[in-house]
Amino acid sequence: MSSPYKDTPSVLLPRRHLLRAGLASSLLLGLGACRRVSSEPIKFATNPWPGYDPLYVARDKGYFEEAGLAVNLVDLTSLGASRRAFERGQVDGCGATLVEILLAADQAGLRPQIAAVVDYSDGADMVVGSGGLAGPADLRGRRVAIEPGTLHIQLLALALASASLTVRDVILVPMPQNAMPAAFADGLVAAAVCFPPESNRLLESGGRVIFHSGQVPGEIVDTLVFEGGFVSRRGADVQAFVSAYHRAIDFMVGNPDEAHGIMARRGGISVEELRATIAGLRYVSRREQPDLLAPGGPVERSLNQLQDAMLSLAQLRESRSLKDFLIARDLVALHGQTA
């Protein structure tokens, strides 16, 4: 199995020295190879998406413990469930797309802080339609399953825009992603916005991919997010958590069979199905973080584009800038250090 990092020049980007005062200096305290275990566990919510599976590799290989962290990974059923747990204060952080970040800030008044970009979807997220649909243009007037408050709205808007349509040209049918295979098989919806493993079930039911995230590379990103108050209290632990994640990524590159076995067990799927899924995403290396999160960079462009769409649908009350969410400006400044 080849490396999850695709062979692009961006993987070898030169290091940027972006050290800042304040939090960055405090985070340096957390860089020792051996740290005292924090008394209070970090509670971090995940959902069924392989971009977050290296966290389970880090747990099973003991990387969190070696970093001095007690970590409880809370495995939830969907992006929406993870966001709700985050908003209710049931977890300290969660795996999130830009949609969850914007909604948590706008609707719950939280200060989500991006600790790292973990991947971007490169074909894994898709719009699956019934056999009679040839492309996004055929969605006009059709019932489309979508999980409210998730990246589904972003991908659907991009798909429809490619055919000069908007979300007002389709009938949105809200449901959790795990309900989509049954709704599709029963003919209750003509299409669904989803990702594996549910998208695999739709394809097995005779569906066909009519749009996917590989057609808009770099637009759909996944991140590790912590609440701002937690970062203020435990910034060094956040840095150690991110470093353990990247250590797991490095392990996956060198030991794909063992790592993929851990990840497949976590997802309840076969190793072969896992590998087919991760072929549709791009894991983001430690060194790429500063460029992705730089002013005017890919994440900021994606955030602004998404925000415009959500504001037009009255899903947001006000707009924000990427800098409102960037604890990562300080965290990624240390990307060249050894944790």
With a Förster radius of 30 Å, plug the Cβ-Cβ distance of Asp324 and Arg233 into 1/(1 + (r/R0)^6) and report the FRET value to the nearest 0.05.
0.95
Leaving out ligands, DNA and RNA, what percent of the accessible area of region 110-164 is carbon and sulfur, probe 1.4 Å?
49 percent
Normalised per residue, the volume inside the convex hull of the alpha-carbon atoms of region 155-300 in Å³ amounts to 165 Å³
What is the diffusion coefficient of region 239-322 in µm²/s, taking the Kirkwood radius over Cα pairs and the Stokes-Einstein relation at 37 °C with a viscosity of 0.692 mPa s?
210 µm²/s
Taking the solvent-accessible surface of protein heavy atoms with a 1.4 Å probe, what is the per residue accessible area of region 125-216 in Å²?
39 Å²
Please provide three numbers in whole Å: the alpha-carbon extents of region 121-201 along the principal axes, with the largest listed first.
29, 27, 22
In debye, nearest 20: dipole of region 217-339 around its Cα centre with unit charges on the Cβ of K, R (+) and D, E (-)?
260 debye
Specify, per residue and in Å³, the volume enclosed by the convex hull of the alpha carbon atoms belonging to region 53-175.
138 Å³
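The values are calculated or read from the model by the stated rules, or taken from the named source; none is laboratory data. All values reported here derive from a predicted model rather than from experimental measurement. Quick reminder, even Gly has a Cβ in these numbers, built from the backbone with ideal geometry, and neighbours come from all protein chains shown. With ligands, DNA and RNA removed, areas are computed over all heavy atoms of the protein, side chains included. Shrake-Rupley method; radii C 1.70, N 1.55, O 1.52, S 1.80 Å.
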